1. Go over the candidates ALA131, ALA141, ALA112 one by one and state the one that is among the aliphatic types (A, V, I, L, M) and loosely packed, with under 15 Cβ neighbours inside 10 Å.
2. Go over the candidates VAL133, VAL97 one by one and state the one that is among the hydrophobic types (A, V, I, L, M, F, W, C), modelled with pLDDT of 95 or more and under 15 Å from ARG160 (Cα atoms).
3. Looking only at residues that are farther than 21 Å from ARG26 by Cβ and in contact with a Phe, Trp or Tyr (Cβ under 6 Å, 6 or more places away or on another chain) in segment 157-181, which one is surrounded by the most Cβ atoms within 10 Å (Cβ to Cβ)?
4. Does VAL17 qualify as being more than 28 Å from TYR153 (Cα to Cα), more than 14 Å from the ligand (Cβ to nearest atom) and crowded, with 21+ Cβ neighbours inside 10 Å?
5. Would you call VAL134 touching a residue at least 40 places away in the same chain (Cβ under 8 Å), in contact with a His (Cβ under 9 Å, 6 or more places away or on another chain) and under 20 Å from PHE42 (Cα atoms)?
6. From PRO114, PRO124, which residue is under 24 Å from ARG249 (Cβ atoms), away from the ligand (no atom under 12 Å from the Cβ) and in contact with a Leu (Cβ under 7 Å, 6 or more places away or on another chain)?
7. Restricting to segment 37-64, what's the tally of residues that are within 10 Å of the ligand (Cβ to nearest atom), part of a loop (DSSP other than H, G, I, E, B) and of a type outside the set (S, T, N, Q)?
8. Which pairs turn up if I take residues in segment 32-52 that are free of Cβ contacts under 8 Å to residues at least 12 places away in the same chain and look for partners that are away from the ligand (no atom under 14 Å from the Cβ) with beta carbon separation below 9 Å, at least 6 apart in sequence or on another chain?
Amino acid sequence: METPEIVTTIAELRARVASWRAQGQRVGLVPTMGALHEGHLFLTEESRKHAERTIVSIFVNPTQFAPHEDFDRYPRALEADAGKLGRGADLIFAPTVAQMYPRGHATRIEIAGPALGLETDFRPHFFAGVATVVGKLLIAAQPDIAVFGEKDYQQLLVVRRLVTDLALPVEIVGSPIVREPDGLAMSSRNAYLKPAERAVAGKMNVILRSATSEQQATQALLDAGFDSVDYVAIRDAATLGAVGDGPKRILAAAKIGATRLIDNMEH
Ligand code: PAF
């Protein structure tokens, strides 16, 4: 089976991108942390609609994990990931931590606006880590477009803010959530779920779809078997601020055992 070439340095990445550009080809980037599933493959298909060449970056970014989180046990499967991509991508950029954060690295991108509240209330380190690494990936690859899933809806808005504020010359494409047959949003962290937990996890999307209020949905998640609920929030879909006249989004994060799941949808 044909698999994409894997490069590990920014210099090699830039050389490939330069040769494609010289041929007049558009370049798409799909940033991931690997452990690829169908949701990621859907993002690469989206990229291929917009660009002749698609790069998938695979980098488990240490700066978006707090010390007590799952950085060490986060699944890593580069060869299997390359096999899953097959001909669906042209290049994998799989840098080392030292490549992305060289000795003495001291720059961090912090964003307010859409990064305030929700995930930040529970993972205060998260969006500075994401914004820093996404900024670095976009500057390293200089793609025409970059695709991000709506599964991490707040992250998508944070990335849009980053690109607008730093005037990065890239179009951010949001891609709908890919779900399992029972509606569970696909996520690399679903691999942590034990069978009984997996059954509970599948109820989150059903509860959000029929939610009548934040309080009602929170109680329904606990009744369904979630151990704790970080938040259920109904917000303005464009800003994540208080609801106004525009479209609304319901977003939730809850834990089953050691696994934290998030989901969101139109409301
Ligand atoms: O969504 C993810 O997988 C990560 O947060 C991202 C965007 C690849 C940055 O590390």
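1. Working: ALA131 fails: loosely packed, with under 15 Cβ neighbours inside 10 Å; ALA141 fails: loosely packed, with under 15 Cβ neighbours inside 10 Å.
Of ALA131, ALA141, ALA112, the one residue that is among the aliphatic types (A, V, I, L, M) and loosely packed, with under 15 Cβ neighbours inside 10 Å is ALA112.
2. On the way: VAL97 fails: under 15 Å from ARG160 (Cα atoms).
From the options VAL133, VAL97, the qualifying one is VAL133.
3. Filtering first and then ranking leaves VAL158.
4. Details: more than 28 Å from TYR153 (Cα to Cα): yes; more than 14 Å from the ligand (Cβ to nearest atom): yes; crowded, with 21+ Cβ neighbours inside 10 Å: yes.
Yes.
5. On the way: touching a residue at least 40 places away in the same chain (Cβ under 8 Å): yes; in contact with a His (Cβ under 9 Å, 6 or more places away or on another chain): no; under 20 Å from PHE42 (Cα atoms): yes.
So VAL134 fails the test.
6. Numbers: PRO124 fails: in contact with a Leu (Cβ under 7 Å, 6 or more places away or on another chain).
From the options PRO114, PRO124, the qualifying one is PRO114.
7. Of the residues in that region, 2 qualify.
8. LYS49/GLY28
The values are calculated or read from the model by the stated rules, or taken from the named source; none is laboratory data. Note that this is a predicted model, so its numbers are computed, not measured. Every residue, glycine as well, gets a Cβ built from its backbone with ideal geometry; the counts of neighbours run over all protein chains shown.
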